[in-house]
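Beneath this line is the structure, given in structure tokens, with notes to follow.
The values are calculated or read from the model by the stated rules, or taken from the named source; none is laboratory data. Remember, it's a predicted structure, so these values are computed and weren't measured experimentally. Note that we place each Cβ from the backbone using ideal geometry, even for glycine, and neighbour counts take in every protein chain shown. The accessibility values were calculated without ligands, DNA or RNA, using every heavy atom of the protein model including side chains. Shrake-Rupley method; radii C 1.70, N 1.55, O 1.52, S 1.80 Å.
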Amino acid sequence: MLVAGVDVGSVATKVVIIDDNRLLTLITPTGWSPRQAGQEAYAQLLSEAGYTGDQVDYVVGTGYGRISIPFANKTVTEITCHARGASYLSPGSNLVIDVGGQDSKIIKIDSDGRVLDFVMNDKCAAGTGRFLQVIAAALGVDVSELAELSAGQSPITLNSMCTVFAESEVIGLLAEGRTKGEIVAGLHSSIARRIANMAQRLGVTGQVAFTGGVARNEAVRQSLQEQLGVPVVVPKDCQLAGAIGAALIAREAILR
Ligand code: ADP
């Protein structure tokens with residue numbers, strides 16, 4: 001049995017292949033062409049795994065670019081795939097918080113990873129991964145360095161969470177002599193507050209699985225946990241939750 005899940009996201013394309021013994025993964029930038037990103041990433045992982053496309057039994061596509069995955073047997077919404085993947089990666093969670101490149105999703109799930117309810121913010125980039133990338137660039141650092149930069153710093157209250165205004169506010173704060181660490185600590189707690197407010201609309205009662213690329217930022221996880229008052233768990237393959245969910249749905253499709 002050989003199945004694949006392909007999640008073409010706004011920032012990163014994720015591919016997961018499941019065969020009889022292995023779960024293989026790849027994360028690569030989406031760039032300007034979702035179609036090309038999906039095709040190239042899929043071909044690369046297949047070749048690394050030693051397979052060709054015609055050996056694959058079933059492919060499920062998901063993500064914002066899922067309509068441009070011509071080799072997928074089926075496309076499935078991000079909500080369904082993220083729920084399924086997060087439940088697999090983090091058993092025991094009844095709420096999934098996924099923060100990606102340009103949207104945030106809060107999904108209430110049952111113990112099998114089925115969607116019970118969800119809320120989503122995809123109207124603006126405020127508080128999402130791309131927002132963090134813009135601010136990191138303004139500070140001359142990489143997104144992967146933000147958590148460490150803010151560790152132990154007192155957060156500054158920021159007035160704006162709109163990407164464009166926040167970027168100029170950050171530049172102004174630097175000019176006033178505020179440190180990068182204080183500014184980033186302020187951003188992390190504002191982002192966590194926004195997400196926590198959204199999550200509370202669905203009710204937060206037990207362990208939360210935090211997924212998506214932004215979950216790789218430990219400072220956001222910590223702040224979210226403080227604001228929600230429940231354990232917030234980041235699974236090892238947090239950014240792959242959607243693609244893993246897609247591959248699991250592909251496997252179910254052929255086992256049915
Ligand atoms: P999408 O599915 O929309 O492409 P992802 O879930 O892949 O989004 O998340 C992409 C975001 O993850 C980036 O915009 C970035 O902010 C964040 N990110 C990626 N890698 C890291 C890292 N090593 N540390 C912290 N944040 C990261």
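When we measure straight from the Cα of K105, which aspartates and glutamates land under 17 angstrom away, once same-chain ones fewer than 8 places off are left out?
Counting by Cα, and skipping residues close in sequence, K105 has these aspartates and glutamates nearby: D7, E78, D117, D122.
Once the Cα gyration tensor of the chain is found, what semi-axes does its equivalent ellipsoid get, as square roots of 5 times the eigenvalues, in whole Å, sorted largest first?
Values: eigenvalues 219, 84, 40 Å².
Values for the chain, descending: 33, 21, 14 Å.
Pick from K108, K123, K74: which residue has the top mean-square fluctuation in a GNM of the chain where Cα pairs under 10 Å get a spring?
K123
Run through the DSSP bridge list for the range 1-152 and note the antiparallel percent, rounded to the nearest 5. Can you show the working numbers first?
Numbers: 24 of 31 bridges.
Restricted to the range 1-152, the bridges split so that about 75 percent are antiparallel.
Report the paramagnetic label zone for T52: residues of the range 1-31 whose backbone N is under 17 Å from a point 7 Å from Cα along the Cα-to-Cβ axis.
Residues 2 fall inside that zone.
Calculate how many DSSP beta bridges within the chain are antiparallel, expressed in % of all such bridges and rounded to the nearest 5.
Close to 65 percent.
Work out, step by step, the length gained on full extension between D112 and R256: first 0.36 nm times the residue separation, then minus their alpha carbon distance; give nm to one decimal. Working shown, then result.
On the way: separation 144, 0.36 × 144 = 51.84 nm, distance 1.63 nm.
Result for the pair: 50.2 nm of gain on full extension.
Taking Cα pairs under 8 Å and at least six residues apart, what relative contact order does the range 92-234 come out at, in percent? Please list the in-between numbers first.
Values: 256 pairs, mean separation 41.0, N = 143.
The value is 29 percent.
If you build a Gaussian network model of the chain, linking Cα atoms that sit under 10 Å apart, which residue out of R221, R22, R130 swings the most?
Residue with maximal mean-square fluctuation among R221, R22, R130: R22.
Given the Cα-Cα distance of E40 and N197 and 0.36 nm per residue of separation, how much length would full extension add, in nm?
Details: separation 157, 0.36 × 157 = 56.52 nm, distance 3.80 nm.
Once the chain is fully extended between E40 and N197, it gains 52.7 nm.
Where the centroid of each part is defined by its Cα atoms, how far is the range 194-238 from the range 6-26 in Å?
A separation of 23 Å, based on Cα centres.
Expressed as a whole percentage, what fraction of the accessible surface of the chain belongs to carbon and sulfur atoms when a 1.4 Å probe is rolled over the protein heavy atoms?
Values: 5590 of 11410 Å².
Summing carbon and sulfur atoms, their accessible area is 49 percent of the total for the chain.
Tell me, what is the per residue accessible area of the range 92-234 in Å², probe radius 1.4 Å? Write down the numbers at each step before the final one.
Working: 6530 Å² over 143 residues.
Result: 46 Å² per residue.
Rank Y88, Y42, Y51 by mean-square fluctuation in a GNM of the chain with C-alpha springs under 10 angstrom and give only the top-ranked residue.
Maximum fluctuation in the GNM of the chain, among the listed residues, is at Y51.
Per DSSP H run of at least 4 residues, take -39500 (n - 2.57); add these up for the chain, divide by its residues and hand me the 222 nm value, nearest 500 deg cm²/dmol. Each step should come with its number before you reach the end.
Numbers: 8 runs with 106 residues, N = 256.
Rounded to the nearest 500, it is -13000 deg cm²/dmol.
Could you pull the Rg and Dmax for the range 92-234, using just the Cα atoms, both in Å?
Taking only Cα atoms of the range 92-234, I get Rg and Dmax of 15.0, 51 Å.
For L23 and V119 in one chain, what is 0.36 nm times their gap in residues minus the Cα-Cα distance, to one decimal in nm? Present the calculation step by step, with values, prior to reporting the outcome.
On the way: separation 96, 0.36 × 96 = 34.56 nm, distance 2.97 nm.
Here the segment from L23 to V119 would lengthen by 31.6 nm.
Under 12 Å Cα to Cα from K14, which aspartates and glutamates show up? Leave out anything in the same chain fewer than 8 places away.
Reachable aspartates and glutamates: E40, D237.
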